[in-house]
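The values are calculated or read from the model by the stated rules, or taken from the named source; none is laboratory data. On a predicted model such as this, the values are computed, not experimentally measured, just so you know. We place every Cβ from the backbone using ideal geometry, glycine too, and count neighbours over all the protein chains shown.
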Amino acid sequence: MEVAKQWFKDWFNSPYYHLLYSNRDEKEAASFIDKLVGYLHPLPGALMLDVACGRGRHAKYLADKGFCVTGIDLSEESIAAARKLENENLSFFQHDMRLPFRINYFDVVFNFFTSFGYFETRHENENALRTLANCLKPGGRLVLDYLNSTYVAAHLVRHEVKEKDQVVFEIEREMQNGKFLKQINILDKKQLQRLSYTESVSAFGKQDFEEMFAMQGLAITDIFGDYHFNNFDGQHSPRLILIAQKLSAHE
């Protein structure tokens, strides 16, 4: 599979991306966020950042709980949609997560649903993690929700076909050079056009994150293996959910 260098720029701005993933389980997402808030016990009005926020539904859910939430995403289309949700507790910005954002500002930073590991090199992914760490106040906490690479590799569905609203998605998956690749071939029966996109996500494991977090002064305090907060099991957990605290400068 060929992967465009900035594949995410075109794909996340495409209406087909939103159509393909339109069946995401919002109830499960809300339940997970409720559990996180209960676990983290943020103060009322805590400053929160949702990195790679998409169209802002999860940021809005947090803002509706009384927190002051900012969402950033690279996709112009997603941020344009998210801005319709803005209020005094909720704001959105188009921003590349590899570049600095508000330094030492937030109490909690979230990165939900494998919205990391998209970049071509480990260095670029480390730059993105540096942004997440630098955004936090000392003592602030990061929640990074990633796939469990070992589990995904063992359960990879190589070929799949889905049809939604007269659009056929033919999906091929493989693992190549330490990355999970998903080629999405699209046939739009209404528009009479064919398109193809390829997603690429680094197959980072627990040890990779431990190394990268340590480099950025982040101390891992908990690792969960699913959205119900079960303990992480390297072979059997579907998710790798890391909770970390930013160390103070003197530590």
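Quick rundown of the values:
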read-out: Residue tally, condition at negative phi and either at pLDDT below 95 or not aliphatic (A, V, I, L, M) (or both), over the range 144-203; value: 36
read-out: Lone unmet requirement of (1) within 23 Å of Gln207 (Cα to Cα); (2) over 16 Å from the mean Cα position of the chain (by Cα) for Leu142; value: (2)
read-out: Failed item in (1) of a type in the set (Gly, Ala, Ser); (2) in contact with a Ser or Thr (Cβ under 9 Å, 6 or more places away or on another chain); (3) in contact (Cβ under 8 Å) with a residue 24 or more places away in the chain, with Gly71 passing the rest; value: (3)
read-out: Enumeration of residues in the range 194-222 that are part of a strand (DSSP E or B) and either aliphatic (A, V, I, L, M) or out of contact with any strand residue (DSSP E or B) (no Cβ under 7 Å at 6 or more places or on another chain) (or both); value: Leu195, Val201, Leu218, Ala219, Ile220
read-out: Elements of type helices (runs of 4 or more DSSP H) in the range 20-126, at least 1 residues being charged (D, E, K, R) and surrounded by fewer than 17 Cβ atoms within 10 Å (Cβ to Cβ); value: 26-40, 76-82
read-out: Qualifying residue in the range 232-241 (condition: outside the structural domain of Leu49 (by TED's automatic domain parsing) and exposed (fewer than 12 other Cβ atoms within 10 Å of the Cβ)); value: no
read-out: Selection within the range 200-213 - closer than 17 Å to Thr121 by Cβ and of a type in the set (Asp, Glu); value: Asp208, Glu211
read-out: Positions within the range 162-203 being aliphatic (A, V, I, L, M) and within 24 Å of the chain's Cα centre (by Cα), in sequence order; value: Ile171, Met175, Leu181, Ile184, Ile186, Val201, Ala203
read-out: Qualifying positions in the range 64-97 - touching a helix residue (DSSP H, G or I) at 6+ places or on another chain (Cβ under 6 Å), at pLDDT 95 or above and farther than 12 Å from Leu47 by Cα; value: Asp73, Leu85, Phe92, Gln94, Met97
read-out: Cβ-Cβ under 8 Å pairs, at least 6 apart or on other chains, the range 101-126 side closer than 20 Å to Tyr61 by Cβ and free of Cβ contacts under 8 Å to residues at least 24 places away in the same chain, far side in a loop (DSSP other than H, G, I, E, B) and of a type in the set (Ser, Thr, Tyr); value: none
read-out: Residue count for the range 158-196, restricted to those that are in contact (Cβ under 8 Å) with a residue 24 or more places away in the chain and either farther than 20 Å from Glu2 by Cα or assigned by TED's automatic domain parsing to the domain that holds Leu19 (or both); value: 7
read-out: Scope the range 223-251; condition in a strand (DSSP E or B) and touching a residue at least 24 places away in the same chain (Cβ under 8 Å); matching residues; value: Arg239, Leu240, Ile241, Leu242, Ile243, Ala244, Gln245, Lys246
